[in-house]
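Where a number appears in this text, it was derived from the coordinates with a stated rule and is not lab data. Remember, predicted model here, so these are calculated numbers, not experimental data. Please note: Cβ atoms are built from the backbone with ideal geometry, for glycine as well, and neighbour counts cover all protein chains shown.
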């Protein structure tokens, strides 16, 4: 069995795309997952699966959510080792003292032609970013809610991504037994 972490994007936000965590657990179970644990209501799950292809599993999970709830969220399933590596390669270690200010955007695949110049032009003086291997790091001490950089990063990278703050990433790793 492999341990995976699922990040389901855009659920339970502002009353839209409602997916109770109990239902997410049921859908994961129906798609073959075991030992499922969820964290907060924003679509974070740790689970065991015999599945060898995380992206195929993500597609199955998204399709089941669409079938049962009428919307198909972006689902990113990541191996524990990839998250461990993302944490270890954090280019802004000083931001770890405020883990809600550091965001890790997990990328579906490597961007072919990210517009880093445009991203740089959008950042506030207090913001920093780094495009790593499979992860877009964003340090936003003033928060991401009004950040033009945060709002435009997926489009300018040209790659689907789901973002979690470092606090959440560390919590799911703790749940994974790391």
- Query: Which residues in region 26-43 have a backbone N closer than 20 Å to a point placed 7 Å from the Cα of residue 108 along the Cα-to-Cβ line?
  - Reply: 43
- Please give the calculated 222 nm ellipticity per residue for the chain, where each DSSP H segment of at least 4 residues contributes -39500 (n - 2.57) and the sum is spread over every residue; nearest 500 deg cm²/dmol? -10500 deg cm²/dmol
- Message: I want to make sure I understand the PRE zone here: with the label point 7 angstrom from the Cα of residue 96 toward its beta carbon, which residues in region 141-174 have backbone N atoms less than 17 Å away?
- Response: 165-174
- If the chain between residue 2 and residue 50 were fully stretched, how many nm would it gain, using 0.36 nm times the residue separation less the Cα-Cα distance? 16.7 nm
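Region 1-124: percent of C-alpha pairs farther apart than 24 Å?
36
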- Message: What do you get for the angle between helix 54-69 and the principal long axis of the chain? Use alpha-carbon atoms, 0 to 90 degrees, nearest ten.
- Response: 70
- Using only Cα atoms, find the angle between the long axis of helix 148-157 and the longest principal axis of the chain, and express it within 0 to 90 degrees, rounded to the nearest 10. 70
- May I ask for the percentage of alpha-carbon pairs in region 88-175 that lie more than 21 Å from each other? 23
- Message: Modelling each spin label as a point 7 Å along the Cα-to-Cβ direction, I'd like the residue 130/residue 40 distance in nm, to one decimal.
- Response: 2.3
- In nm, spacing of pseudo-spin labels at residue 142 and residue 117 (7 Å Cα→C-beta vector): 2.5
- Measure nothing fancy, just the Cα-based angle from helix 21-30's long axis to the longest principal axis of the chain, in degrees from 0 to 90, nearest 10. 60
